[in-house]
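Report on the following structure.
The values are calculated or read from the model by the stated rules, or taken from the named source; none is laboratory data. The structure displayed is predicted, hence computed values, not measured ones. Every residue, glycine among them, receives a Cβ derived from its backbone with ideal geometry; neighbour counts consider all protein chains shown. Please note that ligands, DNA and RNA were not included when accessible areas were found on the heavy atoms of the full protein model with its side chains. Shrake-Rupley method; radii C 1.70, N 1.55, O 1.52, S 1.80 Å.
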Amino acid sequence: MNIDRDNAMKNGEEQKNSEKTYLERLAAPVGNNRDSNGLGNMALGRFIVGSVDAINGDDGREVADFVPTVHELKQLAVYWLGERIEHDFDWFMYQSTGSSEWRWSVYVGRRLNRL
């Protein structure tokens, strides 16, 4: 009887550890991009769920030694506003979303807020 209880406790601890690891992976930003906090992805076997390269991939890295001009920041704002409009229009048209779209929506909002 104690063996079953010990196994159940061990399985419960393993589940808590895997949940903690998953939550830590979600919370950890990629590289030095603070706007990707909490938008990590999850591996399910050989599949990756919630991966958006511009957020949690190599394209999401910030370039520390590049300082944009005011003109370039305005162009970035135009780009991110276009992304917001496109995302909202897709939601309006299809009334559905997934984890990648949710990540993209949060990320776009963070980028716009920072601009």
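Which numbered condition trips up residue 52, out of (1) modelled with pLDDT under 70; (2) touching a Ser or Thr at 6+ places or on another chain (Cβ under 9 Å); (3) not acidic (Asp, Glu)?
(1)
Could you give every pair whose Cβ atoms fall below 9 Å, whose first residue belongs to region 60-79 and is within 19 Å of residue 107 (Cα to Cα), and whose second residue is exposed (fewer than 12 other Cβ atoms within 10 Å of the Cβ) and basic (Lys, Arg), counting only separations of at least 6 or pairs across chains?
What qualifies is 62/34.
With respect to residue 56, is the statement that it is polar (S, T, N, Q), within 18 Å of residue 36 (Cα to Cα) and open to solvent by 90 Å² or more (accessible area, probe 1.4 Å) true? Explain how you work it out, then say what you get.
On the way: polar (S, T, N, Q): yes; within 18 Å of residue 36 (Cα to Cα): yes; open to solvent by 90 Å² or more (accessible area, probe 1.4 Å): no.
Spelling it out, it is not the case that residue 56 is polar (S, T, N, Q), within 18 Å of residue 36 (Cα to Cα) and open to solvent by 90 Å² or more (accessible area, probe 1.4 Å).
Which of the residues belonging to region 64-86 are at pLDDT below 90 and touching a helix residue (DSSP H, G or I) at 6+ places or on another chain (Cβ under 8 Å)? So that I can check it myself, show each step before the final result.
From region 64-86, those at pLDDT below 90 are 64-68; that's our starting set.
Across region 64-86, the qualifying residue is only 68.
Taking region 88-115 on its own, how many of its residues are within 13 Å of residue 39 (Cα to Cα) and open to solvent by 100 Å² or more (accessible area, probe 1.4 Å)?
So the answer is 1.
Go through region 80-115 and give me each residue that's of a type in the set (Phe, Trp, Tyr) and more than 19 Å from the chain's Cα centre (by Cα). Spell out how you get there, then give the answer.
Of all residues in region 80-115, those of a type in the set (Phe, Trp, Tyr) come to 80, 89, 91-92, 94, 102, 104, 107.
Correct list: 89, 92, 94.
Residues of region 89-115 being within 18 Å of residue 55 (Cα to Cα) and among the charged types (D, E, K, R), which ones?
The answer is 101, 103, 110, 111, 114.
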